[in-house]
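J.: Quick one: the structure is below, questions incoming.
The values are calculated or read from the model by the stated rules, or taken from the named source; none is laboratory data. As the structure is a computational prediction, the values presented were derived from the model and not from experiment. Cβ placement follows ideal geometry from the backbone for every residue including glycine, while neighbour counts extend to all protein chains displayed.
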Amino acid sequence: MVAKWPVVVSVLLSFFAASLFVYRARSYFENNQEKKEHKRSLDGKMMTISVTNKSSKKLSKRNECHTAECVKVAAGIRRALNISVNPCEDFYRFSCEGWIKQNPIPKSYNDYSTFTKLSQEIESELHTLLEKQDKILDDENNTAYEALRKAKHFYQSCLDEDEIEKLGPKPALDFIRAIGSWSLAKDSSWNKSKWDPYGVLRSLHKSLFPAPPFFTVEVTNDHLNSTKHLIKVGSDLSCI
């Protein structure tokens, strides 16, 4: 029995040495694998960042607008902000406070919004356009601007007070007679028994569009199906 102990010890030492070798080899292999995976991950991230930066630069160059109009709009948006406010704490102040400070509600208004201001700017531009003298636009032979010329003629007719005073009630009376007359015309054109209110209504809606009396008729999108349109009839009591 005693003689076998050296053999047992030798076997145990050999087994321990082999186990230690396997363990060290496995650890070395796993460490190398982790380093390779980490390197590949970093390389992939760097490549992604590089590609993203290149793509962003391409998109930036392709989609950025530097026209005077775009710069003006961007500057307006920037002025409307209050970047001193944390948007995560008060997004309303962050996005609107600059605009509110620069655009107080006028005394003649109950409220004032970006749409109100935009409407005023459009009306101002239209006013300038209607009063502007331009040889090309005012050329009667230039059919490209016929609609604009008609608008200018109508606008100018409203300002011609001398002609308005000269004509007196004649334009209004002519219109009344054209739709079936009225006793107000003070002539034989008015006949109460022959007056057709439905025919007059049809005529008014046909000739005065888009400013019909009593009710409006318009074509709108179907809210349930945007590929279809609907004929919408609505009340318009503004004349009463």
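J.: Can you say whether SER119 is in the same structural domain as TYR155 (by TED's automatic domain parsing), of a type in the set (Ser, Thr, Tyr) and either assigned to a loop (DSSP other than H, G, I, E, B) or without any contact (Cβ under 8 Å) to a residue 12 or more places away in the chain (or both), as far as the supplied structure shows?
T.: For SER119, the condition - in the same structural domain as TYR155 (by TED's automatic domain parsing), of a type in the set (Ser, Thr, Tyr) and either assigned to a loop (DSSP other than H, G, I, E, B) or without any contact (Cβ under 8 Å) to a residue 12 or more places away in the chain (or both) - is met.
J.: Can you run down the residue pairs with Cβ atoms below 6 Å, 6 or more apart or on separate chains, where the first is in region 145-166 and in the same structural domain as LEU129 (by TED's automatic domain parsing) and the partner is modelled with pLDDT of 85 or more?
T.: Filtered contacts from region 145-166: LYS152/LEU130; TYR155/LEU130.
J.: Just name the residue that is farthest from VAL73 (Cα to Cα) out of those in region 111-145 that are acidic (Asp, Glu) and surrounded by 11 or more Cβ atoms within 10 Å (Cβ to Cβ).
T.: Ranking the candidates gives ASP139 first.
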